[in-house]
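Written out below as structure tokens is the structure these notes cover.
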Amino acid sequence: MPKRRVKVLDTTLRDGEQTPGVALAPEQKLEIARALDDLGVDVIEAGAAITSEGERRAIKLISKAGLDAEICSFARAVRSDVDAALECDVDSVHLVVPTSDLHLKYKLKKTRQEVQRMALDVARYALDHGLMVEFSAEDATRTEPAFLMKILSAAVDEGVQRVCVCDTVGILTPESSAKLFSDITKQLKVPVAAHCHDDFGMATANTLAAARSGAGEVHVTVNGLGERGGNAALEEVVLALSHLHGLRTGIRLNKLYQVSKLVERHTGVPVPPNKAVVGENAFAHEAGIHAHGVLAYPGTYEPVSPEVVGHHRRLVFGKHVGTHAIESELRRMGLKPTKMQVQKISDQVKHLGDRGKMVTDAELRAIVDAVMGRKFKEVVKLEELTVVSGNRVTPTSSVKVKFGDKEVVESGLGIGPVDAAMNAIKKVVEGMANIRLKEYHVDAISGGTDAVVSVVVKLTDGKRIVTARGTSGDIIMASVQAMLNGVNRLLWDRKLGGL
Ligand code: KIV
Ligand code: ZN
């Protein structure tokens with residue numbers, strides 16, 4: 001039996017942008033839309049055209065970008081919303097109509113009949129103007145079931161191409177979702193979409209139950225962004241559809257991690273490390289027994305391989321580490337440690353772990369060097385660092401480093417003093433060794449304005465990635481130290497013959 005295909009409507013650029021604190025510029029929206037198209041989503045809800053001038057500019061850019069996906073604008077049941085969508089040249093409108101008595105009484109102050117009349121009038125208007133219409137019942141899961149069916153059936157009779165059932169406040173359970181979607185899909189002759197929110201942490205489970213029970217389309221956002229607890233996460237839903245439920249989507253799964261990172265960068269909403277599928281720990285193994293199992297056969301602790309979703313496996317060295325993981329990492333570095341050396345290294349990593357520290361790559365290498373009697377020499381040394389900041393100047397930094405016998409001087413501007421210092425140091429580093437900063441993370445170790453901070457950076461020279469830490473009472477110094485520790489590690493390893 002061929003697998004049934006479920007359509008994916010991505011609403012990162014509309015519901016996802018409604019995440020508190022998130023606002024995307026038109027160019028950022030366009031970049032995300034291109035990535036979503038490349039990922040293979042069927043419909044991109046690009047925004048609500050009525051919102052603002054900038055929003056219309058963004059939707060127009062996306063409509064004109066020649067993407068394969070259907071481009072859709074959110075619209076309320078008012079003609080001016082459809083006019084705004086038409087101005088942006090979209091393919092379709094997501095026509096949203098509140099249907100619960102609660103919403104009708106407190107939000108619209110209208111009767112069911114009035115709302116149905118308005119909604120059908122606007123649906124007709126949009127269809128007559130050549131738009132496809134997805135007709136959404138907002139707060140459908142708190143709507144009297146007979147009225148929900150009545151208004152959805154009337155919309156289908158009017159000619160809309162799809163309907164959507166919104167679990168606006170996330171109150172479905174997988175059981176009630178299965179029942180609701182099997183009842184509705186049996187009675188309607190157009191595809192029914194599921195739009196689930198995560199207020200009780202069940203958006204993904206409810207969306208999957210809906211798809212299994214006949215829903216032909218799922219509404220999702222990248223990283224599960226969205227109002228309050230967010231929407232069903234695209235990466236979770238599509239992976240589970242294909243790997244657990246035997247349903248098909250058009251998504252290229254191996255681009256999921258990359259798209260997640262892009263959305264994280266543009267929205268500024270960090271992906272929690274333990275986030276399923278795309279979190280930094282999704283394929284990280286620390287515990288001794290787990291790492292041993294994964295090294296012997298990855299399937300022991302990985303339900304799917306990281307490559308399936310474009311992610312990577314990572315062994316983390318902390319207090320649960322086992323000797324197998326240490327030995328394997330050292331062999332990967334081209335070293336041949338004795339059993340005693342492996343044990344000593346493992347003891348030191350555990351000792352740091354007991355003090356609450358995760359061991360960075362640079363720290364692990366320093367332990368290895370000490371235990372195995374290997375020399376380490378700083379290739380780059382900080383000579384001088386100056387940072388100027390204040391309310392009347394653009395934060396500026398200049399840095400002087402010694403690189404072998406040479407002195408290198410660079411300067412950088414930034415949005416703050418740390419950014420300025422990092423930009424100066426990045427210039428030095430990129431100039432000398434083509435090393436790039438991939439991630440920057442700062443933690444306060446103690447409280448108060450005199451807190452000691454720990455900065456962890458992830459650097460790459462294209463071939464390898466290292467993490468390194470800098471710790472200081474001065475956040476600028478901690479940042480610069482972390483950078484230089486990582487750079488020195490990469491350069492020294494390279495000198496030793498490409499570990
Ligand atoms: O959650 C919801 O009900 C919505 C609609 C406005 C479509 O996002
Ligand atoms: Zn929503």
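Bear in mind that the values in this text are calculations on the coordinates, not laboratory data. None of the values given here were measured: they were computed from a predicted structure. Every residue, glycine as well, gets a Cβ built from its backbone with ideal geometry; the counts of neighbours run over all protein chains shown.
Values for this structure:
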item: Of every Cα-Cα pair in the chain, the percent that sits beyond 43 Å; result: 30 percent
item: Rg and Dmax [Cα atoms of the stretch 89-216; Å; Rg one decimal, Dmax integer]; result: 14.0, 40
item: Listed residue pairs exceeding 30 Å between alpha carbons, taken from Lys105/Lys179; Lys350/Lys463; Lys186/Lys255; Lys64/Lys107; Lys29/Lys189; Lys7/Lys64; result: Lys186/Lys255; Lys64/Lys107; Lys29/Lys189
item: Which listed pairs, of Lys336/Lys375; Lys381/Lys426; Lys381/Lys406; Lys377/Lys406; Lys336/Lys357; Lys344/Lys381, have C-alpha distances above 18 Å, in listed order; result: Lys336/Lys357; Lys344/Lys381
item: Sparse-neighbour loop sites [trypsin sites (Lys or Arg not before Pro); the stretch 93-201; at most 10 other C-beta within 10 Å; DSSP]; result: Lys109, Lys189
item: Proximal aspartates and glutamates to Lys400, defined as alpha-carbon separation beneath 16 angstrom and excluding residues fewer than eight positions away on the same chain; result: Glu378, Glu383, Glu384, Glu410, Glu430
item: The stretch 80-182: chymotrypsin sites (Phe, Trp or Tyr not before Pro) in DSSP loop, at most 13 other beta carbons within 10 Å; result: none
item: Sparse-neighbourhood loop sites, trypsin sites (Lys or Arg not before Pro) in the stretch 369-430 - DSSP loop, at most 11 other Cβ within 10 angstrom; result: Lys375, Lys377, Arg392
item: Antiparallel DSSP beta bridges within the chain, as percent of all bridges there, nearest 5; result: 45 percent
item: Rg ratio (alpha-carbon, reference 2.2 N^0.38 Å) - the stretch 279-422; result: 1.40
item: In sequence order, calculated HN-Hα J values of the stretch 425-432 (Karplus, 6.51, -1.76, 1.60; Hz; x Gly/Pro); result: 5, 4, 4, 4, 5, 5, x, 8
item: Neighbourhood charge, 12 Å Cβ-Cβ cut-off, centred on Lys60 and excluding it, Lys, Arg +1 and Asp, Glu -1; result: 0
item: Extended-chain gain in nm, criterion 0.36 nm per residue less alpha-carbon gap, Phe376 and Arg252; result: 40.3 nm
item: Modelled FRET efficiency - R0 51 Å, Glu53 with Lys406, Cβ distances, 0.05 increments; result: 0.50
item: Rg ratio (alpha-carbon, reference 2.2 N^0.38 Å) - the stretch 393-499; result: 1.07
item: Set of aspartates and glutamates near Lys275 by C-alpha distance (under 15 Å), chain-local residues within fewer than 8 positions excluded; result: Asp198, Glu235, Glu236, Glu264, Glu302
item: Alpha carbon centroid spacing (whole Å) that separates the stretch 153-192 from the stretch 97-111; result: 19 Å
item: All lysines inside 23 Å of Lys110 as judged from Cα atoms, apart from same-chain residues fewer than 8 positions distant; result: Lys150
item: Spacing of the two label points (7 Å from each Cα toward its C-beta) at Ala154 and Asp101, in nm; result: 1.7 nm
